[in-house]
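In what follows, a single structure is set out as structure tokens and then discussed.
The values are calculated or read from the model by the stated rules, or taken from the named source; none is laboratory data. Source: prediction; values computed, not measured. When we count neighbours, we look across all protein chains shown, and the Cβ atoms used for this are built from the backbone with ideal geometry, even at glycine. Ligands, DNA and RNA are excluded from the accessible area calculation, which covers all protein heavy atoms including side chains. Shrake-Rupley method; radii C 1.70, N 1.55, O 1.52, S 1.80 Å.
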Amino acid sequence: EDQVTQSPEALRLQEGESSSLNCSYTVSGLRGLFWYRQDPGKGPEFLFTLYSAGEEKEKERLKATLTKKESFLHITAPKPEDSATYLCAVQALVGAQKLVFGQGTRLTINP
Amino acid sequence: GAGVSQSPSNKVTEKGKDVELRCDPISGHTALYWYRQRLGQGLEFLIYFQGNSAPDKSGLPSDRFSAERTGESVSTLTIQRTQQEDSAVYLCASTPQLSSETQYFGPGTRLLVL
């Protein structure tokens, strides 16, 4: 069964304090790994898709990386507006095109 | 253009009543998904529609849940005889084309069953 585990569940940082969020996964053949941002009361907002080990993608203060077992979302010099829940999901090569999500990491950036 | 829209944004119902939730995908998107998100949890897949193909219903938790989609337009998720454990946010997503994997989500419907 495809599975995604995110850690930590919650993370508090000071503005400017860089850190990383972890997403460990098991999947029967990876089609893609997805990162989403979710603000309270809203639907997930797409950030990145990674397809193969070694791939990296960047957007502003965020960089996502991928290995065969996990993905990291690195946040550099975060600002309070980066506070949100970050969701990781995988899509398998075979079967339904559904996404299997982790439970998310709730990130709070204090000014 | 407009994103995925869902209605109602909030729904409060009594245990045992039926509810209908609506999703309007982005125009031209061929695939549509429903997910459920319980408080503090990740999203759980419910059902997937792709064009005129038979839907993938493998995520529906019980036969009280059903969904319909007309062509490549609106979808309705129906929950019959609601239970308190059905309380959750129900999210809809769509993708622009068959080969695209990026799912774009609507704002969700927050369902509370009393």
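Here r is the Cβ-Cβ distance between B:Glu101 and B:Lys17 and R0 is 41 Å; the resulting FRET efficiency, rounded to 0.05, is 0.65.
Probing with 1.4 Å while keeping every protein chain in the model, the per residue accessible area of chain A equals 49 Å².
Based on Cα contacts under 8 Å between residues 6+ apart, chain B shows a relative contact order of 38 percent. Measuring nothing but how far apart in sequence close Cα pairs (under 8 Å, 6+ apart) lie, relative to its length, chain A scores a relative contact order of 37 percent. A simple spin-label model places the labels of A:Val94 and A:Arg12 4.6 nm from each other, with each point 7 Å out along Cα-to-Cβ. Among the protein heavy atoms of the range A:3-110, carbon and sulfur supply 48% of the accessible surface, probe 1.4 Å, non-protein parts ignored. Averaging the sequence gap over all C-alpha pairs within less than 8 Å and six or more residues apart, then dividing by the number of residues, gives the range B:40-92 a relative contact order of 23 percent. Take B:Val113: with every protein chain present and a 1.4 Å probe, its accessible area is about 10 Å². Within 10 Å of the Cβ of each residue in B:37-48, the mean number of Cβ atoms contributed by other protein chains is 5. In loop segments of the range A:37-105 as defined by DSSP, the chymotrypsin sites (Phe, Trp or Tyr not before Pro) with at most 16 further C-beta atoms inside 10 Å of their C-beta are A:Tyr51.
Let me know the mean shielding of B:104-110 by other chains, meaning the per-residue number of their Cβ atoms within 10 Å of its Cβ. Let's see the in-between values first.
Details: counts 4, 7, 3, 3, 5, 0, 1.
The per-residue average across the peptide is 3.
Here the average projected area of the convex hull drawn through the C-alpha atoms of the range A:3-110 stands at 6.2 nm².
Would you mind checking the pairs A:Lys42/A:Lys63; A:Lys98/B:Lys57; A:Lys98/B:Lys17 and listing those with alpha carbons more than 20 angstrom apart? Walk me through the numbers on the way to the answer.
Values: A:Lys42/A:Lys63 23 Å; A:Lys98/B:Lys57 11 Å; A:Lys98/B:Lys17 29 Å.
As for pairs spanning more than 20 Å Cα to Cα, those are A:Lys42/A:Lys63; A:Lys98/B:Lys17.
The distance between label points at A:Tyr51 and A:Lys79 comes to 3.2 nm (points 7 Å beyond Cα on the Cα→Cβ vector). Here's the list of aspartates and glutamates a cross-link from A:Lys59 could span, going by alpha-carbon distance under 20 Å and ignoring same-chain residues fewer than 8 apart: A:Glu15, A:Glu17, A:Asp39, A:Glu45, A:Glu70, A:Glu81, A:Asp82, B:Glu101. Centroid-to-centroid, using Cα positions, the range A:6-47 and the range B:1-50 are 22 Å apart. Note that the range B:60-66 has calculated 3J(HN,Hα) couplings of 5, x, 7, 6, 6, 9, 8 Hz, one per residue in order, obtained from phi through the Karplus relation 6.51 cos²θ - 1.76 cosθ + 1.60 (θ = phi - 60°); glycine and proline are x. On chain B, 47 percent of the accessible area sits on carbon and sulfur atoms, based on a 1.4 Å probe.
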